[in-house]
Amino acid sequence: MSVIPDSAGTSRSGEPQVPAAENTLRILSYLAGRPAPVAASAIARELDLPRSTVYHLLTTLSAHGFVLHFREEQRWGLGTSAFELAGGYTRQQPLARLGRRLIAALSDRLGESAHLAVMSGGDVLYIVEERAPRRPALVTDVGVRLPAHLTASGRAMLAALPREQVRALYPSASAFPDRTGLGPRRPTELRDLLREVRARGYAVEDSEVADGLRSVGAVVRDHAGWPVAAVAVTWADEGLEERVLADAVIEAAGVLESRVKR
């Protein structure tokens, strides 16, 4: 007797009709929940899949940029196309809805412009922008992209990514555009900078996006510890205390993180 699939794509016996698609999604979900790239053998073991199946699916995902193969370590991690999927999610505005009032309150509290941004490949994409009155004009706005390594928001998120992922995004000096002549220009410089971000607990940027403007940023993580966004504040260098602004940004990022995890 034939088995008739229902409208959800499963048979009446409960078996998936497209096991390759289901296994692909399971692998992507598994990699998204890991703090660092993992071996294919571990994926096969944890998901109870044949090794040959895992290798075939990983090879296909790699060809489309959804996973990266770190050959020296013989491990696999999420690729840049996975970031683009996250960008599609943010274009539907759930993060913006969660963070809009929070960013507005942060700007009002500090009297400075505040932003919410997400990663999109090697860029940050601004999804909420709150301009403080009578403050300097900014290049950031909703929908604007800037190189992640130059911005406080981007640095906050990059510092929370697995180091292998950062190496994949910034493999050589050619991956480091600049705007004002400042900022990291080589992978080793970025690695040192991100180490400082992790030690400090927040990211800073000084005149690397626009002359005379500074920013501080703090990461927002999801349930798996993945950096889904960053909160930042930008101000003119007029004697304001960086730590005071940073504490407020870290607090706002923590509130948004708790909302994301609900």
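The values are calculated or read from the model by the stated rules, or taken from the named source; none is laboratory data. As the structure is a computational prediction, the values presented were derived from the model and not from experiment. Here the Cβ positions follow ideal geometry from the backbone for every residue, glycine too, while neighbour counts run over all protein chains shown. The area values use the complete protein model at the heavy-atom level, side chains included, leaving out ligands, DNA and RNA. Shrake-Rupley method; radii C 1.70, N 1.55, O 1.52, S 1.80 Å.
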What percent of all Cα-Cα pairs in region 19-86 falls in each 5 Å bin, counting up from 0? 4, 18, 33, 30, 12, 3, 0
With springs only between Cα atoms under 10 Å, which of Leu194, Leu47, Leu78 fluctuates most in a Gaussian network model of the chain? Leu47
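Carbon-plus-sulfur fraction of the accessible area of region 31-176, 1.4 Å probe, in percent? Present the calculation step by step, with values, prior to reporting the outcome.
Numbers: 3470 of 6860 Å².
Answer for region 31-176 is 51 percent, counting heavy atoms of protein chains only.
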How far, in degrees from 0 to 90, does helix 51-63 lean away from the longest principal axis of the Cα atoms of the chain, to the nearest 10? 40 degrees
Show that you can apply the helix-only estimate: for the chain, add -39,500 (n - 2.57) for every DSSP H stretch of four or more residues, divide by all residues, and state [θ] at 222 nm to the nearest 500. -13000 deg cm²/dmol
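Quick one: of the DSSP bridges fully inside the chain, what percent are antiparallel, nearest 5?
Working: 35 of 35 bridges.
Around 100 percent of the beta bridges assigned by DSSP in the chain are antiparallel ones.
At a temperature of 10 °C and a viscosity of 1.306 mPa s, determine how fast the chain diffuses translationally according to Stokes-Einstein, using the Kirkwood radius over alpha-carbon pairs as Rh; express D in µm²/s, rounded to the nearest whole number. Don't skip to the end; give the middle numbers.
Values: Rh = 19.7 Å.
Answer, rounded: 81 µm²/s.
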Based on the alpha-carbon gyration tensor of region 108-262 and its eigenvalue square roots a ≥ b ≥ c, which shape applies: rounded if a/c is under 1.5, prolate if not and a/b is larger than b/c, or oblate? oblate
Among Val216, Gly121, Leu190, whose Cα lies farthest out toward the positive end of the dipole of region 93-261, if unit charges sit on the beta carbon of Lys, Arg (+1) and Asp, Glu (-1)? Gly121
Which angle between 0 and 90 degrees, to the nearest 10, do you get for helix 242-260 versus the longest principal axis of the chain when only C-alpha atoms count? 30 degrees
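Hey, can you find the accessible area per residue of the chain for me, probe 1.4 Å, expressed in square angstrom? Before the final figure, lay out the partial values.
On the way: 13260 Å² over 262 residues.
Dividing the accessible area of the chain by its residue count gives 51 Å².
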I need the phi-derived Karplus couplings for region 33-39: 6.51 cos²θ - 1.76 cosθ + 1.60, θ = phi - 60°, integer Hz, Gly and Pro marked x. x, 9, x, 7, x, 10, 6
Amide H to amide H under 5 Å from Gly79: which residues, 5+ apart in sequence or cross-chain, H placed 1.01 Å off N in plane? Val67, Leu68
Which of these, Asp192, Asp108, Asp222, has the largest mean-square fluctuation under a Gaussian network model of the chain (Cα springs below 10 Å)? Asp192
